[in-house]
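Let me begin by presenting the structure, written as structure tokens, before commenting on it.
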Amino acid sequence: MRFNVELLLEKENISKDKNRMILSLLKHIYESYDKEYYKSLYEKKQNKRKEFTFSLYMPNCKFTREEIIIPDKKIILNFSTGNINHGISFYNAVLKNIRRPYTIKDNSITITKINMNKEKIITDDYAIYSTMSPIVVRKHQGDNKKTWYYSLDEQKGREVFIENLKYQLLEELGEERSLDIDKIGFQIIKNKEVKVKHYGIEVLSNICMIKIQAKPYILDHLYKTGIGSKKSGGFGMVDLV
């Protein structure tokens, strides 16, 4: 399920830590809609993997050293999930909070409308994806002091990427799909390294076009739930080329 949500700002300037702001909004609308659902996502299990992703479109925006200036005061929040329960909960939570300003720091965000988008169908054994939000390739051990971020231009980065991808798919699709998951291949068609501020940390990430070879149901899952680390934090949303 894919949606786009129109958000209006009170002021034109927002922090470069934009995903943090949107996550605060998401947590707010989920908690106001269904406290148990909110707890299942963010309280019952720390660092729980969530099968949804999002990206932001900010028309005519300008990046400064510390802020993003959005003259139109409008942000389009794109949201995607392969889980129908997540999709329904997101839709209902947004509807409940339409035209209710949410104050954050020195600004406020108001949801004005939500649209459901038609999903594309994958029938081939490969797909070419372009990123709507950057892909994060991360090797994580224990705490943030033992976390490394990689570029997909590096051999090591590509090795960590496919290792993580297979691990995530096994967790999300189940061990019974392991034979299909083991056969996954990929090719980076083009890539641009970017650093994204995320909870105060500059995260190395990748704006890219990537070709993945796999069974159609695996490709469909990646299309709907995103690719890479920190997907539910606003990274790794993709569209089909």
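What follows is calculated from the coordinates using simple rules that are stated; it is not laboratory data. All values reported here derive from a predicted model rather than from experimental measurement. Quick reminder, even Gly has a Cβ in these numbers, built from the backbone with ideal geometry, and neighbours come from all protein chains shown.
Brief remarks on what is shown
- The gain in end-to-end length when the LEU179 to GLN155 segment is fully stretched comes to 6.2 nm, 0.36 nm per residue minus the alpha carbon separation.
- Label corresponding to Rg and Dmax of the Cα atoms in Å when calculated from the structure given, among (1) 17.2, 55; (2) 17.7, 51; (3) 18.8, 62: (2)
- Highest-first arrangement of 99-107, 208-216, 220-228, 51-59, where packing means the average Cβ count within 10 Å: 220-228, 51-59, 208-216, 99-107
- The protection proxy used here, the mean number of other Cβ atoms lying within 10 Å of each residue, ranks peptides 174-180, 188-194 as follows, highest first: 188-194, 174-180.
- The mean sequence separation of alpha-carbon pairs under 8 Å and at least six residues apart, normalised by the residue count of the chain, gives a relative contact order of 28 percent.
- Helix-derived mean residue ellipticity, 222 nm - over the chain, DSSP H n ≥ 4, -39500 (n - 2.57), to 500: -9000 deg cm²/dmol
- Relative to its Kirkwood radius, the Cα radius of gyration of the stretch 83-182 gives an Rg/Rh of 1.06.
- Here r is the Cβ-Cβ distance between LYS11 and ARG65 and R0 is 22 Å; the resulting FRET efficiency, rounded to 0.05, is 0.80.
- In the structure shown, the pairs LYS74/LYS195; LYS105/LYS230; LYS105/LYS190; LYS27/LYS224; LYS45/LYS73 are assessed against 31 Å; a Cα-Cα span above that value is assigned to LYS105/LYS190; LYS45/LYS73.
- Over the Cα atoms of the stretch 126-240, the radius of gyration divided by the Kirkwood radius equals 0.94; this is the Rg/Rh ratio.
- Dipole magnitude (debye, nearest 20) for the stretch 126-240, charges at Cβ of Lys, Arg, Asp, Glu: 360
- Cα gyration tensor shape of the stretch 2-117, rounded if a/c is under 1.5, else prolate or oblate by comparing a/b with b/c: prolate
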